[in-house]
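Take a look at the structure set out below.
Read-outs: derived from the displayed coordinates by stated rules, not from any lab. Keep in mind it's a predicted model, so treat the numbers as computed, not measured. FYI the Cβ positions are ideal-geometry reconstructions off the backbone, even for glycines, and counts take in every protein chain you see.
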Amino acid sequence: MGSMDNSTVLLGLLGTGPSYGYDLKHGYDRLFGAEKPLAFGQVYATLARLLRSGLIELLGDEAGAGPDRKRYEITPEGRTKVAEWLFAPDAPSGSLQSNLFAKTVIALLLGDDAEALLDVQRAEHLARMRELTRRKHGADLSTVLLCDHALFHLEADLRWIDLTAARLAELRAEVLS
């Protein structure tokens with residue numbers, strides 16, 4: 001699966017009702033931005049693009065203590081885009097270009113310790129898994145489900161690391177032939 005489409009996520013949040021950029025940013029951060037909150041500049045740049053694309057419209061400005069607050073609303077075209085995004089399956093991430101695989105092969109080609117690099121990566125994965133498991137304790141359901149998603153991917157990576165470590169001699173012979 002690819003990275004999250006922040007633009008369409010913001011559009012989807014706006015689909016719940018008219019809102020200000022400030023409120024959209026905080027709604028996004030509450031639901032999706034635990035590890036990587038959106039910058040205000042990113043939110044406002046995205047809103048400007050969505051406005052130019054006709055996916056949202058400006059309902060008006062309100063004067064406040066600071067700059068004028070702009071209120072936005074999703075258009076029918078925006079709702080169509082969100083619906084298309086919702087039901088378009090994400091491409092699985094079964095990429096045949098893996099940085100870890102490339103490091104393993106290069107280590108073998110250079111006569112370096114490929115097993116040690118796999119051990120380092122395994123330790124990094126296990127540390128991240130412990131962190132995510134701790135984060136689940138007492139967390140809301142959204143956080144638990146996000147952590148579980150990441151944990152399942154890390155478990156798959158660990159299985160690959162273990163399988164590759166068990167086949168290093170065979171891979172070395174193939175790569176060096």
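Legend: Rg and Dmax of the range 99-176, from Cα coordinates, 15.6, 51 Å.
Assign one of three labels to the range 6-87, namely rounded, prolate or oblate, based on the Cα gyration tensor with a ≥ b ≥ c the square roots of its eigenvalues; rounded applies when a/c is under 1.5, prolate when it is not and a/b is larger than b/c, and oblate otherwise. Present the calculation step by step, with values, prior to reporting the outcome.
Details: a/c = 1.93, a/b = 1.14, b/c = 1.70.
Verdict is oblate for the range 6-87.
What percent does the relative contact order of the range 6-87 come to when contacts are Cα pairs within less than 8 Å and at least six residues apart? Relative contact order comes out at 36 percent. With a Förster radius of 25 Å applied to the C-beta separation of Phe152 and Phe101, the computed FRET efficiency comes to 0.80. Using Cα atoms only, what is the angle between the long axis of helix 76-87 and the major principal axis of the chain, expressed in degrees (0 to 90) to the nearest 10? So the inclination is approximately 20 degrees. Each of Thr16, Thr46 was scored by other Cβ atoms within 10 Å of its Cβ. Arranged with the fewest first, they read Thr16, Thr46.
For the range 99-176, the residue among Trp160, Leu126, Ala116 whose Cα projects farthest onto the positive side of the dipole built from Cβ charges is Leu126.
What percent does the relative contact order of the chain come to when contacts are Cα pairs within less than 8 Å and at least six residues apart?
Values: 143 pairs, mean separation 34.1, N = 177.
Normalised by residue count, the contact order of the chain is 19 percent.
Here each label is just a point 7 Å from Cα along the line to Cβ, and for Glu35 and Ala173 those points are 3.9 nm apart. Using Cα pairs closer than 8 Å and at least 6 residues apart in sequence, work out the relative contact order for the range 99-176, in percent. Relative CO of the range 99-176 lands at 42 percent.
Ordering His137, His153 by the number of other Cβ atoms within 10 Å of each residue's own Cβ, fewest first, gives His137, His153. Remark: spin-label model distance Glu115-Asp162 equals 1.7 nm, labels positioned 7 Å along the Cα→Cβ axis. Once the Cα atoms are used to define both axes, helix 114-136 deviates from the longest principal axis of the chain by about 40 degrees. All Cα-Cα separations within the chain were binned at 10 Å from zero, giving a P(r) of 8, 26, 24, 19, 14, 7, 2, 0, each value a whole percent of the pairs.
Could you list Asp157, Asp29 so that the one with the fewest beta carbons within 10 Å of its beta carbon is first and the one with the most is last? Each step should come with its number before you reach the end.
Working: Asp157 18, Asp29 14.
Ordered from fewest to most neighbouring Cβ atoms within 10 Å, Asp157, Asp29 come out as Asp29, Asp157.
Quick one: helix 141-166 against the long Cα principal axis of the chain, what's the angle to the nearest 10°, folded into 0 to 90? So the helix axis and the longest Cα principal axis differ by about 20 degrees.
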